[in-house]
1. What about HIS65, is it more than 27 Å from the chain's Cα centre (by Cα) and in the same structural domain as LYS121 (by TED's automatic domain parsing)?
2. Which numbered condition trips up LEU527, out of (1) at pLDDT 90 or above; (2) buried (at least 19 other Cβ atoms within 10 Å of the Cβ)?
3. Taking segment 374-384 as the region of interest, how many residues are surrounded by fewer than 19 Cβ atoms within 10 Å (Cβ to Cβ) and not in a helix (DSSP H, G or I)?
4. Scan the helices (runs of 4 or more DSSP H) fully inside segment 302-373 and keep the ones with 3 or more residues being under 30 Å from GLU402 (Cα atoms).
5. Which one of LYS409, LYS414, LYS403 is in a helix (DSSP H, G or I) and out of contact with any Cys (no Cβ under 9 Å at 6 or more places or on another chain)?
6. Residues of segment 633-654 being within 20 Å of LEU578 (Cβ to Cβ) and assigned to a loop (DSSP other than H, G, I, E, B), which ones?
7. Just one of (1) of a type in the set (A, V, I, L, M, F, W, C); (2) closer than 28 Å to GLU509 by Cα; (3) out of contact with any helix residue (DSSP H, G or I) (no Cβ under 7 Å at 6 or more places or on another chain) trips up ILE363, so point out which.
8. In segment 538-551, which residue that is crowded, with 17+ Cβ neighbours inside 10 Å and not polar (S, T, N, Q) is farthest from the chain's Cα centre (by Cα)?
Amino acid sequence: MNTDQYIEVFLDESREHLQAINDNLLKLEKQPTEIEIVQEIFRSAHTLKGMSATMGFEDIASLTHQMENVLDKIRHYELTVTTEVIDLTFAAVEALEVMVQSISEGNNGKKDVTKLVSQLKQVETGKPSEEEASVGQPPATELLEIDEYQATIISQAVNNGYQAFQITVKLTEDCMLKGPRAYMVFSNLEPLGEAIKTVPDVDEIEEGNFDQSFSFLFISTESSKLIQETIEKVSEIEKVEIAGFSMKEQSVEIPKETVQSTEDKKQTTKEKPKQSKTIRVNIERIDHLMNLFEEVIIDRSRLEDLSKKYIDQELNETVENMTRVTEDMQGLLLAMRMVPIDQVFNRFPRMVRDLSKDLHKKISLEIIGSDTELDRTVIDEIGDPLVHLIRNSLDHGIETPEKRLQAGKAEEGKITLKAYHSGNHVFIDIVDDGAGINREKVEEKAIENGLISVEHSKQLSDEEVYHLIFASGFSTADQISDISGRGVGLDVVKNKIESLGGSIVVSSEPGKGSMFSIQLPLTLSILSTLLVKVQQETFAIPLSSIIETVALSPQDIKYVHGQKVMDFRGHIVPLVSLNKVYGVSDQDDSSHSVVIIQKGDKRSGLLVDSFIGQREVVLKSLGNYLKNIFAISGATILGNGEVCLIIDPNALVK
């Protein structure tokens, strides 16, 4: 069976089940007697085992099968949930995640899980597993253990007239090429039947990573005599042992969940499963659809310009209808690209648990607003910055239990991760109830690094001082650890967030805690902008950054230290001439039309010649040859075919 066509579905569903196991294990750790949580974990593990076995990923199937055995004992009250069980299951999940990731990268997903399987078996039985208790391969007289999937294959084969044999092949002591000899054995047997299971794994056997003998289960319609003669045709074989393999002697048990109780059947009758109304679509197709729609938006702008040029009622009506339809299409397409931020947040409970143990701290994580949606492009990029910020709060923010008790706080620290919409932006807040940021320590380090002078430090507000921690190479850690202290991380966070068109604000209160607030655009591809004219050039300013447009008279423009400013509702706002910033012309700047923009709590006024109007534009990258152009985030094509630069307002706020 060719399984290549199902690999994407397998990967998607495997990740979902592994995440479900992760989430439920964290719940089980807090509620170890809640059997319903164990049932959920068991179901996910069981489904994952079935999928991986069908796809031929034996190591995943083997590990999930042994996880199932442990979980089955727990749910039938034969085993209690302990820290050892939780830690070992987490280790198994981590190994499964590595194997699934390996498969997604085009590899075979192989991993040596013998030790984990052995440890899980020891937990299940309460005694050392057979793999630990014995050295070398099991003798032919001792039946190989098989799982449910392998048992099903053997049963079906027997029903179709096949016989099952357990075969052990022992090579001579002086055999130098064990791997090739074993390969020849399987090659000779291929016309006679099929090997179901090998000990050790096939890869290990073919590489010669075994003692002098290896065993395997073989199904065939041929006699044991013919099989033995076929094997003995290979040289350097000392002994071949063949025994019949009986399913009656196996202890393979069909999972109890497949046999419904009367109560389960009643419940199933009452609650019929809802039909799925969703389909999985490759993200590349959605991106391609988005690119095609962006071309439609550009042509729509052209038609709007043409309809104004040629006065025709039918043309105007058609263009107006097209505008309405494409606006609805745009909303639907953007909604298709929006995914819950939970896809990023769900990795953090496990991370906080593990790092808390490493740091010998007691820390809980509260997640609020995980259903908040963001554009997939932003989701893909925001994960790493959040990891850095949370690790920073764990290491620098939250104190040790002893220090918290001395400060009159609860022994357990708390980190809150909150996401919410506001206007055309999504805000993500990382809040901790730790010690807060020490202004004096930050100032001292900043002066030492030459970021500010002693005189300048006295003029800075708390927020401005706190923002210094985002400088490259900045760290207040006394010791370098695996978690932080190298001065790498927060500068990357700031750069990444700003590259997404967002911003980050820090606030802190000594002894009470800190908050990092990230502001991000909802989407990056289609923007609502204000088109403005500067001499003969047209620029687009994102509406999300605009507070207001103002027409000034010459006397309204003031000067402070040689800088043009204006009075805007009682606040002094610096004025920035786009003509001078972009070097549009050498003419004297006599512009009095102003666009007030805002970044955080800071504002600036952009001097332009005139306002053209609001326009939906498609953001296009300037390419690799025009990277890092000051205050330009991209370009778009207008309806008249003119290329229009899109301004990055964050870079112009002074």
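The values are calculated or read from the model by the stated rules, or taken from the named source; none is laboratory data. Computed from a predicted model, the values in this text were never measured in an experiment. FYI the Cβ positions are ideal-geometry reconstructions off the backbone, even for glycines, and counts take in every protein chain you see.
1. Details: more than 27 Å from the chain's Cα centre (by Cα): no; in the same structural domain as LYS121 (by TED's automatic domain parsing): yes.
No, not satisfied.
2. Only one criterion is unmet by LEU527, namely (1).
3. The number of residues fulfilling the criteria is 0.
4. Details: elements: 313-337, 342-345, 348-359.
The qualifying helices (runs of 4 or more DSSP H) are 348-359.
5. LYS403
6. LEU638, GLU642, ASP648, VAL653, LYS654
7. Single failed check for ILE363: (3).
8. PHE539
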